[in-house]
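Structure first, commentary second.
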Amino acid sequence: MAPAAPKSGDAIFASVDRVNAELFTLTYGAIVRQLLTDLEEVEEVNKQLDQMGYNIGVRLVDEFLAKSNVSRCVEFRETAEVIAKVGFKMFLGVTASVTNWDTEGTTCSLILEDNPLVDFVELPDTCQGLYYCNILSGVVRGALEMVSMKTEVTWLRDMLKGDDVFELQVKLLKQIPEEYPYKDDE
Amino acid sequence: MIVCVAVVGHQNNPLYIQSFTESDDVLKLHHIVHCSLDVVDERVNNPKKSGPTLNETFLGLLYPTENYKVYGYLTNTKVKFILVTTDLDVRDADVRNFFRSFHAAYVDAVSNPFHVPGKKITSKVFAKRVSGIVQTFGLSSAG
């Protein structure tokens, strides 16, 4: 049976179950608020959000591959494009664009002009160091780690801090080859 | 000319008050807003038998005083919006539209997860939107 052709982000987004955007935004806002109340330190909250995102990412990547049917990416450039166009569209409903490739092709920036997580949000003065969308960086990192790529994901620009877009920098640290836990029998 | 808008919580605590005149009788405006709350309570407790009351009750002209007119609007969470204007001829439809946009801006401001319900609204975006709405109100009713 021939494998199904990879579906575009729009097509998958149209076919999955959807939830009310305001409910999603308000739920995420409540999570961040509660973390701030519990942990009090902005750095701790950033770390927790990243960890939560990582846990989501490692599980999300299987669903992504199952629903989107994309073929193996030949190089990191393709991976970044797939994340931006298919991944973000499928799960957040917005498309990102990929820019700022470095010369070796291991670092790029994902630009998000529209982000449903931050509707209605304004950072108070006490939380200026908070990366409100840090969960997204964890998701990308976790998902890529499950497909054998170790990455470092950081926020370069943040609309809640006054910039005009969200810019997420993804740096490929290394490709981890598949390791087998047992030795081949002679 | 709108001179002042105010948002008052359900326990009559002020949540947002903004005046748009350069003159320094801001205190007088605060006082007018405060007095108008009594009128609001009176209207709420004795609903007029004529006319259906909608969910977002537009209370209309609360009372004309000196050279000001005070309009009120009540949301279903008992949050009141007060509008003080010096315009002599203000169309009812304009005020209703004003309150509708104001209500939308208010809802967006309180949806901010960092906003504590019951505390003052500190959102700069809200302040900007309100200034914008106030300016368009002035333009639409002029001429």
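The values are calculated or read from the model by the stated rules, or taken from the named source; none is laboratory data. Not measured: the values here are computed from a predicted model. Methodologically, a virtual Cβ is constructed for each residue, glycine included, from the backbone with ideal geometry; neighbour enumeration extends over all protein chains shown.
At-a-glance table
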read-out	value
Pair list, Cβ < 7 Å and 6+ apart or interchain, from segment A:161-177 residues that are closer than 16 Å to A:Val147 by Cβ to residues that are surrounded by 11 or more Cβ atoms within 10 Å (Cβ to Cβ) and among the basic types (Lys, Arg)	A:Leu173/A:Lys150; A:Lys174/A:Lys150; A:Ile176/A:Lys150
Answer residue from segment A:115-136, given it is away from chain B (no Cβ under 14 Å) and more than 18 Å from A:Leu39 (Cβ to Cβ) and is surrounded by the fewest Cβ atoms within 10 Å (Cβ to Cβ) among those	A:Asn115
Entirely in segment A:1-112, the helices (runs of 4 or more DSSP H) that have 2 or more residues that are within 14 Å of another protein chain (Cβ to nearest Cβ) and surrounded by 15 or more Cβ atoms within 10 Å (Cβ to Cβ)	A:21-39, A:42-68
Single unsatisfied condition, B:Tyr71 versus (1) within 14 Å of chain A (Cβ to nearest Cβ); (2) surrounded by 15 or more Cβ atoms within 10 Å (Cβ to Cβ); (3) in contact with a Gly (Cβ under 9 Å, 6 or more places away or on another chain)	(1)
Single unsatisfied condition, B:Tyr63 versus (1) under 19 Å from B:His34 (Cα atoms); (2) out of contact with any helix residue (DSSP H, G or I) (no Cβ under 7 Å at 6 or more places or on another chain); (3) of a type in the set (Ser, Thr, Tyr)	(2)
Within segment B:121-136, tally of residues that are closer than 18 Å to B:Met1 by Cα and within 14 Å of chain A (Cβ to nearest Cβ)	3
Strands (runs of 3 or more DSSP E) contained in segment B:10-90 and holding at least 2 residues under 19 Å from B:Ile133 (Cβ atoms) and at pLDDT below 80	B:57-65
Filter result (within 21 Å of B:Asn12 (Cα to Cα) and within 7 Å of chain A (Cβ to nearest Cβ)) within segment B:109-120	B:Ser111
Positions within segment A:76-114 being modelled with pLDDT under 90 and polar (S, T, N, Q), in sequence order	A:Thr79, A:Thr95, A:Thr99, A:Asn100, A:Thr103, A:Thr106
Filter result for B:Thr85 (loosely packed, with under 15 Cβ neighbours inside 10 Å and more than 12 Å from chain A (Cβ to nearest Cβ))	no
Single condition A:Leu173 does not satisfy, out of (1) farther than 16 Å from A:Arg77 by Cα; (2) part of a strand (DSSP E or B)	(1)
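For every residue, the table says whether it meets (1) touching a helix residue (DSSP H, G or I) at 6+ places or on another chain (Cβ under 7 Å); (2) under 25 Å from A:Ser109 (Cβ atoms); (3) among the aliphatic types (A, V, I, L, M).
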residue	(1), (2), (3)
A:Ala11	no, no, yes
A:Ala14	no, no, yes
A:Asn20	no, no, no
A:Asp38	no, no, no
A:Ala66	no, no, yes
A:Val74	no, yes, yes
A:Glu78	no, yes, no
